[in-house]
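To keep things clear, I will list the structure first and then write my remarks on it.
Read the figures in this text as sums done on the coordinates, not as results from a lab. Keep in mind it's a predicted model, so treat the numbers as computed, not measured. Glycine also receives a Cβ, built like all others from the backbone with ideal geometry; neighbour counts cover every protein chain displayed.
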Amino acid sequence: MGRARVSSVDVALRRGVGAITLGLIEGRLDARAHAALADACAALDLEDDLRAVVLRSRGKAFCVGDADDVTIDGVDGITAVGRLRVPVLAVIGGDALDAGLELALACDLRVAARSARLGWPGASDPIAPRHGASQRLPRVVGGPTAARMLYLREIWTAGAGRDAGLLHAVVKREDLAARVRKLVATLAARAPVAQRYAKETLRAASDLPLAEGLRLEGDLYVLLQTTRDRAEGVASFHERRRPRFVGR
């Protein structure tokens, strides 16, 4: 009897950048993958030095939906990705459909291969999204464009996704790794506390009135001045050297 295939989620941390790699059966998130993804996010979020997370898949597709065993009241790995305190970069080497689209939307930055497709065909759930697409997609591409995708079940090319603002960059598949390395290098150079505060204020921009959002931004800026990383940034500038941030 052959060995049963199981999904996997690998996690690593190097120089302040977390890496989550999905190994999905038929490109779908089953209950095991959701739980492992949630655990990976929880482990990374405990790291003081965490500055960014890169999320990718080993398969031909990024993710094409949920498996049949996923229940609405179960552990939601996509929600866990959306709650990470630092910027998350989705590396979309192939199709991101249904729950795969929702997983990409839970990330902050999205880079895709030209051959990738994105959309909500509704193959895994013919009724409605359940991992945040109805809320995150309008915030990213605007209400009318989101309505078109969700109502008409449109599938976009990567180029259309970039034009709509869903993707930040689209490159040839063979150039994807190089583009990701460049972005990761930029993210890794940032101070961890500043990265977390920046994400917190950007999140608030979707939910808070302008006056409250500005107040939050001001409060976090004052807090940032009290951190060791802020002092290190000033010292490294005057000493003409690269800063050594510690996330405190």
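Ranking of Tyr197, Tyr151 by neighbouring Cβ atoms within 10 Å, starting from the fewest: Tyr151, Tyr197.
Taking a ≥ b ≥ c as the square roots of the eigenvalues of the Cα gyration tensor, an a/c ratio of 1.5 or more together with a/b no larger than b/c marks the stretch 50-99 as oblate. Once the Cα atoms are used to define both axes, helix 210-224 deviates from the longest principal axis of the chain by about 60 degrees.
Relative to the longest principal axis of the chain, what angle (0 to 90°, nearest 10) does the C-alpha long axis of helix 143-152 take? Roughly 20 degrees, rounded to the nearest 10. Among 37-47, 61-71, the peptide with the highest mean count of other Cβ atoms within 10 Å heads the list, and the full ranking is 61-71, 37-47.
Each Lys and Arg Cβ is given +1 and each Asp and Glu Cβ -1; about its Cα centre, the stretch 8-188 then shows a dipole of about 880 debye. Eigenvalues of the alpha-carbon gyration tensor of the stretch 1-61, scaled by 5 and square-rooted, set the equivalent ellipsoid semi-axes at 25, 12, 9 angstrom, largest first. DSSP beta bridges fully contained in the chain are about 35 percent antiparallel. So what is the calculated 222 nm ellipticity per residue for the chain, using -39500 (n - 2.57) for each DSSP H run with n of 4 or more, over all residues, to the nearest 500 deg cm²/dmol? Dividing the helical sum by the residues of the chain leaves -13000 deg cm²/dmol. By the compact-protein rule of thumb, 2.2 N^0.38 Å, the alpha-carbon radius of gyration of the chain corresponds to a ratio of 1.05.
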